[in-house]
Amino acid sequence: MAISQKEKAVCILSGGMDSTLVSYLAKNDGYEIVAVHFNYGQRTQQKELKSFRDICKALKVKEKYEIDIPFFKDIGASALTDETLDIPITGIEKGVPITYVPFRNGIFLSIATAIAEKEGAKVLFIGVVEEDSSGYPDCSDTFINMIQKAMNQGTKKETKLEIITPLVHLTKKDIVKKSIKLKVPLKLTWSCYANEKKACGVCDSCRLRLKGFKLAKAKDPIKYKIKKKKK
């Protein structure tokens, strides 16, 4: 059942396929979206920011936040923020990959919680995917449940925030199919870790995205630098 348009939902929106679908799901549920985007010194920062702005326009978002958190580059330890480290192109890594940004989602959620409390929002949407992700520990259902408890412990009693993760147990195939069904503008989204003009087609994120489209028997609307040869 749809809720009143006056009720706000904070949506963490990177500009990627997952977070875009989540934002559309929130809108379809009747929420007024407060979109939050983070510039954290990632290689594709400008492209992701453009995607965020384009998606907000498509969603007709009235209220959005663009938060700069450059300290991630000072911390390093991730190929996304430290350009002395190479983005893996040999396939999806086992375990926690070098593209993992230390506690990124925990920090994102903490900042989004402050925004939600200010805005009087009771729900916070994030597009984490546990089953078909790159193996990031801060994308798990267990992590989300535990940080939600901490968030509510550290905010006003009347805040009572709920983190909603509608994609957490879906696969990329499911996400592609659901996005197409809801007419999500996937051409505006960006997933590549390495490039800003044409997606590389070989990093973890590109491989997962391409695999999702292939299994969903759909065509990805964005352009790739490297395409698999037809057999």
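Nothing in this text is a laboratory measurement; each read-out follows from the coordinates by a stated rule. For clarity, every value in this text was computed on a predicted model and none was experimentally measured. When we count neighbours, we look across all protein chains shown, and the Cβ atoms used for this are built from the backbone with ideal geometry, even at glycine.
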**OP:** Can you tell me the 0 to 90 degree angle between the C-alpha axis of helix 141-153 and the longest principal axis of the chain, rounded to 10?
**Re:** 30
Original post:
Pick from Ile164, Ile92, Ile69: which is most flexible by mean-square fluctuation in a GNM of the chain where alpha carbon atoms under 10 Å apart are linked?
Top reply: Ile69
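Could you give the dipole magnitude of region 8-172 about its Cα centre, charging the beta-carbon of Lys and Arg +1 and that of Asp and Glu -1, in debye to the nearest 20?
With Lys and Arg at +1 and Asp and Glu at -1, about 580 debye.
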Original post:
Nearest 20 debye, what's the magnitude of the dipole of region 180-231 about its Cα centre given +1 on Lys and Arg Cβ and -1 on Asp and Glu Cβ?
Top reply: 440
Original post:
What's the angle, to the nearest 10 degrees (0 to 90), between helix 45-59's Cα axis and the longest principal axis of the chain?
Top reply: 60
Original post:
Given H placed 1.01 Å from N in the peptide plane, which residues other than close sequence neighbours of Glu130 have an amide H under 5 Å from its amide H?
Top reply: His169, Leu170
Subject >> Rounded tilt (10° steps) of 17-28 against the dominant C-alpha axis of the chain >> reply: 30
Original post:
Short version: ³J(HN,Hα) in whole Hz for each residue of region 95-106, in order, from phi by Karplus 6.51 cos²θ - 1.76 cosθ + 1.60 (θ = phi - 60°), x for Gly and Pro, what are they?
Top reply: x, 7, x, 5, 7, 5, 9, x, 6, 4, 5, x
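Tell me, in nm to one decimal, what length is gained between Ile67 and Lys160 on full extension, where the rule is 0.36 nm per residue of separation less the Cα-Cα distance?
Answer, rounded to one decimal: 31.2 nm.
Which pairs break 32 Å Cα to Cα here: Lys94/Lys223; Lys178/Lys223; Lys160/Lys198; Lys50/Lys217?
Over 32 Å Cα-Cα: Lys160/Lys198.
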**OP:** Compute the distance in nm between two label points, each set 7 Å from the Cα along the Cα-to-Cβ direction, one at Gln153 and one at Ala77.
**Re:** 2.2
Subject >> Full-stretch length increase - Ile89, Lys187 - with 0.36 nm per residue and alpha-carbon distance subtracted >> reply: 33.0 nm
Subject >> Part-to-part distance (alpha-carbon centres) for region 31-62 and region 67-118, which is given in Å >> reply: 17
**OP:** Pairs to check: Lys8/Lys122; Lys8/Lys62; Lys122/Lys181; Lys177/Lys225. Give those whose C-alpha atoms are more than 18 Å from each other in this structure.
**Re:** Lys122/Lys181; Lys177/Lys225
